[in-house]
Amino acid sequence: MSKDLAFTPAWKLAELIRAKKLSPVEIVDHLLQRIGDLNPKLNAYLTVTEAEAKSVAKASEEAVMKGEELPPLHGIPVSIKDLNFTKGIRTTSGSLVYKDFIPDEDEVAVERLRRAGAIILGKTNTPELGQSGTTENRLGDHCRNPWNVERTTGGSSGGAAAAVAAGLGPLAQGSDGGGSIRIPVGFCGVYGLKPTQGRVPAYVPSDVMPLFAVIGPITRTVRDAALMLDVMAGYDRRDPSSLREKPPRFLDAIKGGLEGLVVAWSPDLGYAKVEPEVRSVAQSAAYIFQSLGCHVEEATPASGEPFSIFSPIALADTYAAHGHLLQKHAEELMPYVKSTLEFGERVRGYEYSRALAALAYFRRNIAEFFERYDLLLTPTNAVPAFPVGQRPREIDGQEVDRLWGAFPFTTAFNLTGQPAASVPCGFSSDGLPVGLQIVGRWGDEATVLRASAAFERARPWAHRTPPLG
């Protein structure tokens, strides 16, 4: 079987399935074999649902042969991040505490992907409870970058990004509460979109709703991301924060040009330290938008850094959701989770209240910036993927925060809830991907997708694959 099948986009697979030129069984068998060969090197999947995937693929093939009406993702393999509940499939949340947990219901996005005909290949690796910008936990080895297995994938959707980059499935569901889609796709050289807050229902069977997190697609091509988002988006009453408005058809949104758009390029958002090579690659990519009909100028929102606002809210919310683990399971937790919960427990009510007040001003300042600009471009990450377990303490000769220093660009737009994507825009001198972040106005995924697709046509990336065999 040709290696090319592993890197065939989902939209093309769907066409071939409908034309009876390719069977879902053939696709699933090929990908399962590839996962078996490569996952021991990458640890992208924590659980592989081989028996279920083969069973559903066979049923999908039978539906095609009977001439039944086929849903949009019929026969297309997808992976689900292991933070997200999957009925009848182990969901560990990257934690020893939940290593044997099997939910009895799906989250909304999973439910919709199944209904659209997608075939679940397995659950992708994530840091414990999603609480890290890199993907490591006590369930096994680090998740490793397909471009260089000594380097990190980022997180928390690290396994999802690694799986797509390595050709272990064309579609991956990710989630993003502070950069968790954009950070790993930037490091792994694939495409990812954090939709507007509430665009994809984030209902989970618990009492605590995520304040900044949103579910989105991770794919090799922009068209595949639009296809996947069309399936997942739309109101669901189980998530009171989900948007009631009917979403646009995102596949239609990727068509057309960018003439007349006013685009801001910010190399540092006014506070970030950035490796010079990353800055150069991303800036070169940003100014390609001029050749696409946009007016591009360097400009930065007057919002300041987001972390002093994000941290007390996120820490307290994480403790509200998971603080009970400190009482009975502290010794099973990763150190970064234990410290997160301990810090969250100490957040005072007035600190939380002040952070919410500061959040309102932060959102106002960003909104005013987007009254002048249609899009904002930044590097996705401050550095290329670094060695596993070795977060940079210094960037461009300057000391940086160990927690946020490598990932300074994404969190701001979780605070505002705006849509933001990362497109692959080049490589470092040692062959590691560099990403460009594209941020749109609140509610305007359509323009972010259209800009992403225009850039993809100008600077295609999907033909570049990691040296994994």
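The residue list 62, 50 contains one member that is at pLDDT 95 or above and out of contact with any Leu (no Cβ under 9 Å at 6 or more places or on another chain), which is 62. Quick check, is residue 389 surrounded by fewer than 18 Cβ atoms within 10 Å (Cβ to Cβ), within 22 Å of the chain's Cα centre (by Cα), in contact (Cβ under 8 Å) with a residue 12 or more places away in the chain and at positive phi? Against the criterion (surrounded by fewer than 18 Cβ atoms within 10 Å (Cβ to Cβ), within 22 Å of the chain's Cα centre (by Cα), in contact (Cβ under 8 Å) with a residue 12 or more places away in the chain and at positive phi), residue 389 qualifies. Restrict the check to segment 157-180 and report whether at least one residue is in contact with a helix residue (DSSP H, G or I) (Cβ under 6 Å, 6 or more places away or on another chain), crowded, with 24+ Cβ neighbours inside 10 Å and within 22 Å of residue 332 (Cα to Cα). The answer is yes, given that some residue of segment 157-180 is in contact with a helix residue (DSSP H, G or I) (Cβ under 6 Å, 6 or more places away or on another chain), crowded, with 24+ Cβ neighbours inside 10 Å and within 22 Å of residue 332 (Cα to Cα).
Residues in segment 304-360 that are in contact (Cβ under 8 Å) with a residue 12 or more places away in the chain and acidic (Asp, Glu) were compared, and the one that is surrounded by the most Cβ atoms within 10 Å (Cβ to Cβ) is 317.
Criterion first (closer than 21 Å to residue 138 by Cβ, of a type in the set (Gly, Ala, Ser) and either in a loop (DSSP other than H, G, I, E, B) or free of Cβ contacts under 8 Å to residues at least 12 places away in the same chain (or both)) does residue 67 satisfy it? Show your work before the answer.
Working: closer than 21 Å to residue 138 by Cβ: no; of a type in the set (Gly, Ala, Ser): yes; either in a loop (DSSP other than H, G, I, E, B) or free of Cβ contacts under 8 Å to residues at least 12 places away in the same chain (or both): yes.
So residue 67 does not fit the description; no.
Let me confirm something: among 123, 194, which residue is basic (Lys, Arg), buried (at least 24 other Cβ atoms within 10 Å of the Cβ) and farther than 24 Å from residue 438 by Cα? Explain how you work it out, then say what you get.
Numbers: 194 fails: farther than 24 Å from residue 438 by Cα.
Of 123, 194, the one residue that is basic (Lys, Arg), buried (at least 24 other Cβ atoms within 10 Å of the Cβ) and farther than 24 Å from residue 438 by Cα is 123.
State whether one or more residues within segment 409-419 are in contact with a Gly (Cβ under 6 Å, 6 or more places away or on another chain), within 23 Å of residue 226 (Cβ to Cβ), in a helix (DSSP H, G or I) and modelled with pLDDT of 95 or more. Yes, there is a match, as at least one residue in segment 409-419 is in contact with a Gly (Cβ under 6 Å, 6 or more places away or on another chain), within 23 Å of residue 226 (Cβ to Cβ), in a helix (DSSP H, G or I) and modelled with pLDDT of 95 or more.
Quick check on segment 161-211: of everything there that is aromatic (Phe, Trp, Tyr) and at pLDDT 95 or above, which residue is farthest from residue 319 (Cα to Cα)? Only one residue fits best here, namely 191. Annotation note: of 426, 405, 435, the sole residue that is farther than 15 Å from residue 155 by Cα, under 22 Å from the mean Cα position of the chain (by Cα) and touching a residue at least 60 places away in the same chain (Cβ under 8 Å) is 426. Of the residues screened, residue 86 is not one that is hydroxyl-bearing (Ser, Thr, Tyr), touching a Phe, Trp or Tyr at 6+ places or on another chain (Cβ under 6 Å) and modelled with pLDDT of 95 or more. Quick check, is residue 47 under 17 Å from residue 123 (Cα atoms), touching a Lys or Arg at 6+ places or on another chain (Cβ under 8 Å) and in a strand (DSSP E or B)? Yes.
Table: residues versus (1) free of Cβ contacts under 8 Å to residues at least 60 places away in the same chain; (2) within 23 Å of residue 167 (Cα to Cα); (3) hydrophobic (A, V, I, L, M, F, W, C); (4) in contact with a Phe, Trp or Tyr (Cβ under 8 Å, 6 or more places away or on another chain).
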site: 95; (1), (2), (3), (4): no, no, no, no
site: 99; (1), (2), (3), (4): yes, no, no, no
site: 114; (1), (2), (3), (4): yes, yes, no, no
site: 128; (1), (2), (3), (4): no, no, no, yes
site: 134; (1), (2), (3), (4): no, yes, no, no
site: 144; (1), (2), (3), (4): no, yes, no, no
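Looking at 460, 424, 467, which is the one that is farther than 24 Å from residue 364 by Cα, part of a strand (DSSP E or B) and either in contact with a Cys (Cβ under 8 Å, 6 or more places away or on another chain) or of a type outside the set (A, V, I, L, M) (or both)? Outline the logic, then answer.
On the way: 460 fails: part of a strand (DSSP E or B); 467 fails: part of a strand (DSSP E or B).
424 is the lone residue from the list that is farther than 24 Å from residue 364 by Cα, part of a strand (DSSP E or B) and either in contact with a Cys (Cβ under 8 Å, 6 or more places away or on another chain) or of a type outside the set (A, V, I, L, M) (or both).
To keep it simple, each residue is scored yes or no on (1) modelled with pLDDT under 95; (2) assigned to a helix (DSSP H, G or I); (3) closer than 25 Å to residue 196 by Cα.
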site: 350; (1), (2), (3): no, yes, no
site: 356; (1), (2), (3): no, yes, yes
site: 377; (1), (2), (3): no, no, yes
site: 391; (1), (2), (3): no, no, no
site: 402; (1), (2), (3): yes, no, no
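Which strands (runs of 3 or more DSSP E) does segment 119-190 wholly contain that include 3 or more residues that are β-branched (Val, Ile, Thr)?
Numbers: elements: 119-124, 148-152, 171-176.
By residue number, 119-124.
Would you check which residues across segment 1-35 are outside any helix (DSSP H, G or I) and within 18 Å of residue 222 (Cα to Cα) and list them? Result: 8, 9.
The values are calculated or read from the model by the stated rules, or taken from the named source; none is laboratory data. Quick caveat, the model's predicted, so the values are computed rather than measured. In this analysis, Cβ positions are derived from the backbone assuming ideal geometry, glycine residues included, and neighbour counts consider all displayed protein chains.
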